Every structure is written in structure tokens, then in C-alpha cells.
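Trainee: Let me begin by handing over the structure; questions about it come next.
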Amino acid sequence: MSAPPDPTVAKPIVAHTPMVNEMRLNARQCLAALGLVLLVILLTPSVWKAVERFDTGPDYRIPYDLSKDYWLYQRWIDRADSRSIILLGDSVVWGEYVLPDGTWAHFLNDQGGRPDRFVNGGVNGLFPLALEGLVDHYGKALRHRKILLHCNLLWLSSPKADLQTDKEERFNHALLVPQFFPRIPCYKAGANERLSAVIDRQVTFCGWVNHLQAAYFGQKSILAWTLADDGGDPPRYPNSYKNPLAHITFRVPSAPALDPLRGPASPRHKPWTQNGGPTSFEWVSLDSSLQWAAFRRVVATLRSRGDDVFVILGPFNEHMIASDSRGPYLKLRDGVLAWLDESKIPHSAPESLPSALYADASHPLTDGYALLARMTLTNQSFQAWLKAN
């Protein structure tokens, strides 16, 4: 029987070698890895365009659910025929209350007898400060083209609509607006968010990543999509065990053929008078307006690229303007027309449509767009512009 160990005797030190699965790269290998990463970043968006199916066809517009997919918008504009005319603007151009075959662009094509002459380049929820970013960073293909640019005075109808208020406001397309200058008082994003927006605009790979999130994962990152609950009580997590790659179909989603929120069958497709009466607007002045300044910069940018720009002002729903707001509105409207005249920009200002053809302050219903197209095509200034060059 052995004696117990003596506690006063020091135990031998045994060296333990940790198990490490690391691989150290030398300088040449680091450069090779960096080169490979850069190659993937540079080539992936171009290769993706070649393999992803993007069906457009007559009356195409960017689907509502993809309104913030600016990489897709750039792709849409890039593929437009160089002889076509791009309609540029907000949801009035896009067609908030109507189906694709009820938009301004559709009726211009239909009544003009050329189904592919006018392209719907509108984006739902856009406004001049965001349009500026869209043109600057995602509209590079808008060069030496004819552009029909819509000017909507709705964005000057109050300090809030003009983004002048000091109180923080949430608004659409915040990633497109100027992040640092000119200052937008109600935009309170932090420095990290602003810098991220600037980088996204400059790096095509970031735009492609945003496209994946918008087109296949409901505007979420893959991690957020995986952890998203169904809103129930208790919540369930239907995507937690799904393979994210299986949701990438390599086909850009299309808008629903029967949109329950748009078109004559929709409960939203009704005259504005069914929702209320005349409204008092707090019109801002042209001198102080952020949106108007942005609109003028958009015009300057397009013209500097050699674009032939025709501006259509309105038609705003003047039936909706309360009597106390009509004077400031007319002054504002006259000021815009005076600037267009002074700047020698071809333009027209159609008369207000019949009251029953508006859904709200600025959006026509389907028959309203048909009439607006007819008014546009019969305008002498517009016809002269079409025939020029």
C-alpha cells in the first residue's frame, strides 16, 4: 500500500498547449484575401442583374412594397429606351389610388398612340428633397433625355410638409434627403445613421444588399427576418427554422394583379368629398421653402446633364382649398410660374380637374388621369416640346 502524497512537496508543472484553430496570413496572403473580397463586392451586383429576372412590360412602375429599393429603381431607369420620355415625380406620377393601367403615363401612351413612349419614373412617397437624392445618386442614366417633371405644391402646403418644423418628424425616404447640408430641422438622425446613408449611396454593393432585403425579406436584414415574430400572443417565430436562401427566388417580385388598395374596385378609389370638406393650408413662402429649393436644384442637375426638361405644375385640387387659403396659394402658384418663365423652362399649368375626379388634395382618380393626359397632350407648349429635337 503506497504512502499518501506529501503536501509539502511541490507538484511538477505540466505545460498545457491550447487547441487553436487559427491560421495566420502573411502580407501577401492578406492582400490576396482583400483582393478577393473587393472582387466579390465589385462583381456581385453586376452578376446579380444578369441572373435575376426582372419582368417589366407595359405600364410598369416600381411596386409599392419596393418603393425604397433604390438599386432596383436605378436598374429600371437604366433599361428604359433612350427615346422614351421619363415621367419624374412623386405618388401623383406613380398613381397612389389607381392601378398601373390607370396612371398618367398609361393614358399618355394610350391617347398618344405609342405604348412605350412615356415611362412611369414616379416613386410612391417621394418629395422634392428626396427626389434630389434619387436623381443625384440613382438616376445617373438620366442624361440627354426628355424628362417630364411634375411639380406638386402639396409639399409647400405647411411647414410640416416642407420639413421646416423643429420637432422631430418621421418621413418617407429619409435615406435620400441631404444628410448634412442643407440642414433639415425635423430630421434628427444620429451621425452613424447619416454616414451609413451616405455610404449606401456611394457603394453599389450596399444598394444590392438593400435590394435583397426589400425584395425577399420584407425590408428586413436576414437576422431580423429570422427572429421576426407573427404578432400573436404568445408570439411565434415562423422563420426561425427556415432556410433564408430558399426565399431568394432570383425574380423581382411584381405588384399584385388585383391590388385591394388601388383601382376602381378599391374602397380608397373615391372622390375626396366623401372623406371631408375644404381644408385650410399653411402655405410656406418660396423664399423659405426647403422643398422648393430642392426642386430647383433637381431642375438644375437635370439640365446640366443635357436633359430636356418640361415641368407640369399641378393640377392641385383647388376645390379643396378653403377660402382663407386661396390667396396665399395663388401667390405661390404665380411665383413658381414666374420662376419657370425667368429660367426659360418649358412648362404648363393645367387647370384644376373637376372636383369628383380627385381622391385628395393632389391625386386624381382613374378618370382624372385620363383627363389630365388629354389636357397634357393638347397643350401647345407641350406639343412644341415633344417635336423639338
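The values are calculated or read from the model by the stated rules, or taken from the named source; none is laboratory data. From a predicted model like this one, the values you see are computed outputs, not experimental measurements. Cβ sites come from the backbone with ideal geometry, for glycine too, and all protein chains shown count toward neighbours.
Trainee: When the residues of the range 181-194 are narrowed to those that are without any contact (Cβ under 8 Å) to a residue 12 or more places away in the chain and assigned to a helix (DSSP H, G or I), which ends up surrounded by the most Cβ atoms within 10 Å (Cβ to Cβ)? Before the answer, list the steps.
Mentor: At the first step, the residues of the range 181-194 found to be without any contact (Cβ under 8 Å) to a residue 12 or more places away in the chain are 181, 183, 190-193.
Checking the rest, the ones that are also assigned to a helix (DSSP H, G or I) come to 191-193.
On the way: 191: 9, 192: 8, 193: 13.
Across the range 181-194, the extreme among qualifying residues is 193.
Trainee: In addition: Which one of 316, 281 is among the hydrophobic types (A, V, I, L, M, F, W, C) and over 24 Å from the mean Cα position of the chain (by Cα)?
Mentor: Within the list 316, 281, the selection yields 281.
Trainee: Determine, yes or no, whether residue 388 is farther than 18 Å from residue 149 by Cα, among the aliphatic types (A, V, I, L, M) and surrounded by fewer than 18 Cβ atoms within 10 Å (Cβ to Cβ).
Mentor: no
Trainee: Moving on to the next point. Which of the residues belonging to the range 310-325 are exposed (fewer than 14 other Cβ atoms within 10 Å of the Cβ) and under 17 Å from residue 156 (Cβ atoms)?
Mentor: The answer is 322, 324.
Trainee: Still on this structure, I have one more. Go through the range 8-49 residue by residue and tally those that are at pLDDT 80 or above, surrounded by 10 or more Cβ atoms within 10 Å (Cβ to Cβ) and either more than 53 Å from the chain's Cα centre (by Cα) or part of a loop (DSSP other than H, G, I, E, B) (or both).
Mentor: Final tally of qualifying residues: 0.
Trainee: Further question: From 98, 123, grab the single residue that is aliphatic (A, V, I, L, M), under 17 Å from residue 302 (Cβ atoms) and either crowded, with 24+ Cβ neighbours inside 10 Å or within 13 Å of the chain's Cα centre (by Cα) (or both).
Mentor: Going through 98, 123 in turn, just one is aliphatic (A, V, I, L, M), under 17 Å from residue 302 (Cβ atoms) and either crowded, with 24+ Cβ neighbours inside 10 Å or within 13 Å of the chain's Cα centre (by Cα) (or both): 123.
Trainee: A further question on this structure: Is it fair to say residue 307 is within 25 Å of residue 95 (Cβ to Cβ), of a type in the set (Asp, Glu), surrounded by fewer than 20 Cβ atoms within 10 Å (Cβ to Cβ) and modelled with pLDDT of 95 or more?
Mentor: When the stated conditions are applied, residue 307 does not pass them.
Trainee: Next question. If you go through the range 55-64 one residue at a time, do you hit one that is over 22 Å from residue 307 (Cα atoms) and without any contact (Cβ under 8 Å) to a residue 40 or more places away in the chain?
Mentor: Scanning the range 55-64, I find at least one residue that is over 22 Å from residue 307 (Cα atoms) and without any contact (Cβ under 8 Å) to a residue 40 or more places away in the chain, so the answer is yes.
Trainee: When the residues of the range 323-378 are narrowed to those that are touching a residue at least 40 places away in the same chain (Cβ under 8 Å) and among the acidic types (Asp, Glu), which ends up farthest from residue 104 (Cα to Cα)?
Mentor: 324
Trainee: Can you tell me how many residues within the range 136-145 are touching a helix residue (DSSP H, G or I) at 6+ places or on another chain (Cβ under 8 Å) and surrounded by fewer than 24 Cβ atoms within 10 Å (Cβ to Cβ)?
Mentor: 6
Trainee: Check off (1) closer than 30 Å to residue 74 by Cα; (2) out of contact with any Asp or Glu (no Cβ under 7 Å at 6 or more places or on another chain); (3) among the aliphatic types (A, V, I, L, M) for residue 252 and give me the number that stays unchecked.
Mentor: Condition not satisfied by residue 252: (2).
Trainee: Among the listed residues 286, 357, identify the single one that is closer than 30 Å to residue 268 by Cβ, among the hydrophobic types (A, V, I, L, M, F, W, C) and surrounded by 14 or more Cβ atoms within 10 Å (Cβ to Cβ).
Mentor: Result: 357 is the single residue among 286, 357 that is closer than 30 Å to residue 268 by Cβ, among the hydrophobic types (A, V, I, L, M, F, W, C) and surrounded by 14 or more Cβ atoms within 10 Å (Cβ to Cβ).
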